[in-house]
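Colleague: Structure provided below as structure tokens; questions to follow.
The values are calculated or read from the model by the stated rules, or taken from the named source; none is laboratory data. Please read all numbers here as calculations on a predicted model, not as lab measurements. Note that we place each Cβ from the backbone using ideal geometry, even for glycine, and neighbour counts take in every protein chain shown. Keep in mind that these areas ignore ligands, DNA and RNA; they rest on the heavy atoms of the full protein, side chains included. Shrake-Rupley method; radii C 1.70, N 1.55, O 1.52, S 1.80 Å.
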Amino acid sequence: MAELQEVQITEEKPLLPGQTPEAAKTHSVETPYGSVTFTVYGTPKPKRPAILTYHDVGLNYKSCFQPLFQFGDMQEIIQNFVRVHVDAPGMEEGAAVFPLGYQYPSLDQLADMIPCILQYLNFSTIIGVGVGAGAYVLSRYALNHPDTVEGLVLINIDPNAKGWMDWAAHKLTGLTSSISEMILGHLFSQEELSGNSELIQKYRNIITHAPNLDNIELYWNSYNNRRDLNFERGGDITLKCPVMLVVGDQAPHEDAVVECNSKLDPTQTSFLKMADSGGQPQLTQPGKLTEAFKYFLQGMGYMASSCMTRLSRSRTASLTSAASIDGNRSRSRTLSQSSESGTLSSGPPGHTMEVSC
């Protein structure tokens, strides 16, 4: 496995006032399915996994994750973990457009590239953070390599293959909408798109005028051709590590994430439905997501002394148990956020735990 390039770079602006920009190294390695580019921040910490991210369609690692990882409260996390940000093939900044007829990897094959990255870096375990298509890729990887995944944060995951009705709707939409508009509809809610906020204008411009839009379309097609992950609660096909499922309360993928939650082990899975976050919680609510991520890491035994400062000031995280309507679902955990107090409280039977610093 040969290294193609190694470039020393730094972030475009400091993470915090007065803080030295964090050094990063960008690498590209060959895999059985082509070259993949990834950027590493920080140095490995003894006995700690790397945080590995994978972005959604229409984005790269910067446009998908930079607002989250540059958020002030996130700095406590990134000081304790090395980070690996993976760009799907052809999505990295400055990527050349693939030639006509290029066979883009399937999402399963994208997952099979990750062992090459970890082997190159000599990392043994990861905590994965994925959005949309990236959440699917990390889930597939975790199914194939469970011993190397300590935890997963999956935002907007849809583990199901498209049914024929979905395909028909997709084809009809394709007749009247451009690729960029279809991808925007995948990333954001209709309410957000109609509101045309500054954020929507920014990402519409990024996607519509992307020089690698042809590559983006190939990634989009791979996502729409994904196989069903076939999760089954109590079955052999399941995620065996702690999982935090995240979705906005108006996100296009809300139903899919709720269904995914019903199929995973309730003792290992937390479900975070975020208010006022739209389709991309990591962009619109980085503070709330950072809080939840810290709590998730503490549950895994890391960062035990971390202060939940934002929780103690203004927010509530509720850990509730829910059963399905038809009785087919077992009890599951739901982690929801509001802004009414500074406690972590469970639903029925009503146990409450104070969190302060």
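Colleague: Would you mind pulling out the separation of the Cα centroids of the stretch 117-134 and the stretch 175-212, in Å?
Modeller: 28 Å
Colleague: Moving on to the next point. With respect to the cross-link table entries LYS62/LYS263; LYS162/LYS240; LYS62/LYS294, which display a Cα-Cα separation exceeding 29 Å?
Modeller: LYS62/LYS263
Colleague: Under a Cβ-Cβ cut-off of 13 Å, what is the net charge of the residues other than LEU100 that fall near it, where Lys and Arg count +1 and Asp and Glu count -1?
Modeller: Overall, the nearby charge balance is -2.
Colleague: Note the full-extension length gain between ASP147 and LYS240 as 0.36 nm times their separation in residues minus their Cα-Cα distance, in nm to one decimal.
Modeller: Working: separation 93, 0.36 × 93 = 33.48 nm, distance 0.89 nm.
That works out to 32.6 nm of additional length.
Colleague: Counting pairs of alpha carbon atoms under 8 Å apart in space and at least six apart in sequence, what relative contact order in percent does the stretch 234-300 give?
Modeller: Value for the stretch 234-300: 36 percent.
Colleague: Let me ask something else about it. Leaving out ligands and nucleic acids, and using a 1.4 Å probe, what accessible area per residue does the stretch 24-304 come to in Å²? It would help to have the intermediate numbers written out before the result.
Modeller: Values: 10690 Å² over 281 residues.
For the stretch 24-304, the solvent-accessible area averages 38 Å² per residue.
Colleague: Express in Å², to the nearest 10, the accessible area of CYS116 obtained by rolling a 1.4 Å probe over the protein heavy atoms while all chains stay in place.
Modeller: Accessible area of CYS116: about 20 Å².
Colleague: How large a share of the accessible area of the stretch 24-304, in percent, is made up of carbon and sulfur atoms when the probe is 1.4 Å and the other protein chains stay in place?
Modeller: Carbon-and-sulfur percentage of accessible area, whole number: 50.
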